[in-house]
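Values quoted throughout were computed directly from the atomic coordinates according to the rules given, and no laboratory measurement underlies them. This is a predicted model, so every value here is computed, not measured. Counting neighbours? That spans all protein chains shown, and the Cβs are built from the backbone with ideal geometry, glycine included.
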Amino acid sequence: MSQLFGMDNIISSLQGNYNKVSNETAANTKAANTQNTIGNPKLSETANSYYEELKAKHNDVEFVLVSNDKTDIAKEYTSNLVSNKSMIVLISEDEVEQMAADENVRAKNEKLIDDAKAQMPGLLEQLKESGTNVKSFGMEFNDDGTASYFAVIDKSMAAQKERIENNMVSASSMEELLKKIQDVMYEAKADSVMTEQEKMVGQSFDFTV
């Protein structure tokens with residue numbers, strides 16, 4: 001019994017320390033309950049409040065909050081992100097803070113999101129007609145106030161898999177993105193078409209009677 005009682009005290013102490021750390025973490029950042037994050041992003045209370053409003057306003061978009069030290073490699077993680085929403089938006093800590101503090105930045109970036117959403121159905125239709133299978137679309141904000149767009153392509157649809165670096169195609173506009181996807185898939189299909197001579201390479205035939 002004494003051993004059990006002692007263990008209870010240890011567990012209780014550990015739980016108390018855990019709660020203390022959790023409370024301190026919550027006080028420093030309100031982004032702890034964000035479902036999708038890359039790195040260890042933290043937001044001020046004001047920025048977190050705005051971020052929750054942004055997600056509610058665009059509830060058909062999968063927002064992924066990125067810590068400032070991971071912005072250069074954020075897209076590498078999106079090929080593993082599973083989402084049934086229309087597109088993914090990578091957004092850094094700094095961008096959320098700026099949007100929360102500056103109405104002009106907020107309006108500009110939200111318009112970029114709206115524009116991308118408006119163009120998505122047409123892009124999907126054109127890709128569907130060409131038989132291209134895209135797992136997800138996304139966008140991220142650039143430092144110069146513009147946006148970049150990317151698509152995660154299903155590699156199983158491409159014969160020449162090594163042509164698709166990290167399953168990803170990226171571009172500076174939706175039109176460029178569409179062209180790049182079509183080019184990649186065209187090249188992949190072309191590589192899969194072999195001549196009769198190519199098909200015979202490595203095969204042996206017995207012509208004896």
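At a glance:
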read-out: Pairs beyond 18 Å (Cα-Cα), from Lys57/Lys111; Lys111/Lys180; Lys70/Lys117; Lys128/Lys180; Lys55/Lys117; Lys55/Lys135; value: Lys111/Lys180; Lys70/Lys117; Lys55/Lys135
read-out: Potential lengthening between Lys179 and Asn59 on full extension [0.36 nm per residue; Cα-Cα distance subtracted]; value: 40.4 nm
read-out: Rounded if a/c under 1.5, otherwise prolate or oblate - segment 81-143, Cα gyration tensor axes; value: prolate
read-out: Among Gln119, Val134, Ala101 the positive-end extreme of the charge dipole of segment 95-136 (Cβ point charges); value: Val134
